[in-house]
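Note sheet for the following structure.
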Amino acid sequence: MINKDHPRYQSLLYREKIVEAHKNGILADSGMIAHGRGETFDYLIGEKTTDNSKNTIEVAACYFLTRKRPVLSVNGNTTALVSEDIAELSKILDIPVEINLYYRTPERIKNIEAVYQKLGVKEILGTDDDDFIDTPDLNGPRSPVSIEGINKADLIFIPLEDGDRAEKLAALKKDIVNVDLNPLSRTAITSTVTIVDNIVRAMPLLIEYVNKYSECDKDILLEKIKNYDNRKNLDNAIHDIIKRFE
């Protein structure tokens, strides 16, 4: 039992979700380590969504609403923490969810697929029944992607992912929206839009902005995208950390 008066109450709840996901065959062992690494950076930003990150989430929504074939790529950590939000965003935008795992096993794929099926996601790609093609110049288990999903996508949401895949997808001229608490990671630096925030806070805001701008003139959304600079966003994120300790 977690005491609600505990100063780390929310963080402990997220940890519990991670542990349960591991027990339920959704999360690999290394996923728990990755979560702990993210917690460290969340401490540094004050465990809150900064004004800079709110602006970035707004721009991310503009990308989703102006691209023709967005795909939501998910792994074990994303599924453990924000599967309901992923399902909701998939429904709002009518776009597929694609499972892409580093430690891929038939059991994990089936368990993750079952989560999104239960949440009503219409199109789940990356299952063992899918048709795959390798990502050029990317070795390892993340290389195969759905022919109808990431392969044809012009925008890919890759939260809590690794730098190797981000680099190769960027080389294919695909737009990448990423959620990464570490503004210095390869994924953060490579992505088109990097949301430096905890995904449990970022996802509800992303959904809020997508709903807000869903009827907005496309030219207005494209202007917001044009004025966005991901390098400046990352510089601001680092400065936000420094300011907390000055």
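Classify the stretch 1-140 from the C-alpha gyration tensor, please: rounded if a/c falls under 1.5, else prolate or oblate depending on whether a/b exceeds b/c.
Numbers: a/c = 1.70, a/b = 1.23, b/c = 1.38.
In terms of gyration-tensor shape, oblate.
Highest mean first, what order results for 129-139, 73-83, 169-179 on Cβ atoms within 10 Å? Before the final figure, lay out the partial values.
Values: 129-139: 13.4, 73-83: 25.2, 169-179: 20.4.
Highest mean packing first, the order is 73-83, 169-179, 129-139.
If you average the sequence gap of Cα pairs under 8 Å that are 6 or more apart and divide by the length of the chain, what percent do you get for the contact order? Don't skip to the end; give the middle numbers.
Details: 398 pairs, mean separation 58.1, N = 246.
24 percent.
Might you work out the accessible area of ILE92 for me, using a 1.4 Å probe with all protein chains in place, and round it to the nearest 10 Å²?
We get 70 Å² for ILE92.
Whenever you get a sec, compute what percent of the accessible area on the chain sits on carbon and sulfur atoms (1.4 Å probe). Let's see the in-between values first.
Working: 6000 of 12250 Å².
With neighbouring chains kept in place, the figure for the chain is 49 percent.
Kindly work out what percent of the DSSP beta bridges joining two residues of the chain are antiparallel, to the nearest 5. Kindly include the intermediate steps, with their values, before the conclusion.
Numbers: 3 of 17 bridges.
Around 20 percent antiparallel, to the nearest 5.
About its Cα centre, what dipole magnitude does the chain give when the only charges are +1 on Lys and Arg Cβ and -1 on Asp and Glu Cβ, stated in debye to the nearest 20? List each step's numbers first, then the result.
Numbers: 33 positive and 41 negative charges, 57 e Å.
Its charge dipole is roughly 280 debye.
Name the residue farthest towards the positive end of the dipole of the chain from the options ALA237, SER143, SER90, assuming +1 on Cβ of Lys and Arg, -1 on Cβ of Asp and Glu, about the Cα centre.
Working it through, the farthest residue towards the positive pole turns out to be ALA237.
At 1.4 Å probe size, with no ligands or nucleic acids counted, give the accessible surface of ARG67 in Å², nearest ten.
About 60 Å², rounded to the nearest 10.
Among PHE41, PHE132, THR105, whose Cα projects farthest towards the positive end of the dipole of the stretch 1-144, with charges put on the beta-carbon of Lys, Arg (+1) and Asp, Glu (-1)?
Highest projection toward the positive end goes to PHE41.
When a/c reaches 1.5 or more, the comparison of a/b and b/c decides; with that in mind, is the stretch 146-246 rounded, prolate or oblate per its Cα gyration tensor? Please list the in-between numbers first.
Working: a/c = 1.68, a/b = 1.16, b/c = 1.44.
Since a/c reaches 1.5 but b/c is at least a/b, the shape of the stretch 146-246 is classed as oblate.
Accessible area per residue of the chain at 1.4 Å probe, in Å²?
On the way: 12250 Å² over 246 residues.
Spelled out: the 1.4 Å probe surface of the chain, per residue, equals 50 Å².
Note down the net charge around ARG201, summing +1 for each Lys or Arg and -1 for each Asp or Glu among other residues with Cβ under 11 Å from its Cβ. Let's see the in-between values first.
Working: positive: LYS48, LYS54; negative: ASP42, GLU47, ASP85, ASP197.
In short, -2.
Roughly speaking, what is the stretch gain from ASN139 to ALA114, that is 0.36 nm per residue apart minus the C-alpha to C-alpha distance, in nm to one decimal? Let's see the in-between values first.
Values: separation 25, 0.36 × 25 = 9.00 nm, distance 2.76 nm.
Gain on stretching ASN139 to ALA114: 6.2 nm.
When we measure straight from the Cα of LYS118, which lysines land under 28 angstrom away, once same-chain ones fewer than 8 places off are left out?
Partners found: LYS17, LYS23, LYS68, LYS91, LYS110, LYS152, LYS212.
Along the Cα-to-C-beta direction of TYR103, a point sits 7 Å from the Cα; which residues of the stretch 25-53 have their amide N less than 16 Å from that point?
25-38
Just flag the chymotrypsin sites (Phe, Trp or Tyr not before Pro) in the stretch 145-246 sitting in loop per DSSP whose Cβ has no more than 15 other Cβ atoms within 10 Å. Don't skip to the answer; put the middle values down first.
On the way: sites: PHE157, TYR209, TYR213, TYR228, PHE245; in loops: TYR228, PHE245.
For chymotrypsin sites (Phe, Trp or Tyr not before Pro) across the stretch 145-246 that sit outside H, G, I, E and B with at most 15 neighbouring Cβ atoms in 10 Å, the list reads PHE245.
Placing +1 at every Lys and Arg Cβ and -1 at every Asp and Glu Cβ, with all other atoms neutral, what dipole size does the stretch 56-184 have around its Cα centre, in debye to the nearest 20? Please report the intermediate quantities before stating the final value.
On the way: 15 positive and 23 negative charges, 33 e Å.
My answer is approximately 160 debye.
Using a simple spin-label model with points 7 Å from Cα along the Cα→Cβ vector, what separation in nm is obtained for ILE220 and ARG244?
Those two pseudo-labels are separated by 3.3 nm.
Compute the relative contact order of the stretch 1-116 as a whole-number percentage, counting only Cα pairs closer than 8 Å that sit 6 or more residues apart in sequence. Could the numbers behind the result be given before it?
On the way: 81 pairs, mean separation 35.4, N = 116.
That works out to 30 percent.
So if I place +1 on the C-beta of Lys and Arg and -1 on the C-beta of Asp and Glu, and nothing else carries charge, what would the dipole magnitude of the stretch 161-220 be about its Cα centre? I want it in debye, nearest 20. Provide the component values of the computation, followed by the final result.
Numbers: 8 positive and 11 negative charges, 30 e Å.
Here the size comes out at about 140 debye.
What is the stretch 136-207's relative contact order, in percent, from Cα pairs under 8 angstrom and six or more apart in sequence? Please list the in-between numbers first.
On the way: 104 pairs, mean separation 17.9, N = 72.
Once divided by the residue count of the stretch 136-207, the mean separation gives 25 percent.
In nanometres, what is the gap between the two model label sites at ARG37 and ILE92, each 7 Å from Cα along Cα-to-Cβ?
2.9
Place a point 7 Å from the Cα of LEU172 along the Cα-to-Cβ direction; which residues of the stretch 92-110 have their backbone N under 17 Å from it?
Backbone N within reach: 96-102.
The values are calculated or read from the model by the stated rules, or taken from the named source; none is laboratory data. Note that this is a predicted model, so its numbers are computed, not measured. So basically every Cβ, Gly included, is an ideal-geometry build from the backbone, and we count neighbours across all protein chains shown. For the accessible areas, the whole protein counts, side chains as well, though only heavy atoms, and no ligand, DNA or RNA atoms are used. Shrake-Rupley method; radii C 1.70, N 1.55, O 1.52, S 1.80 Å.
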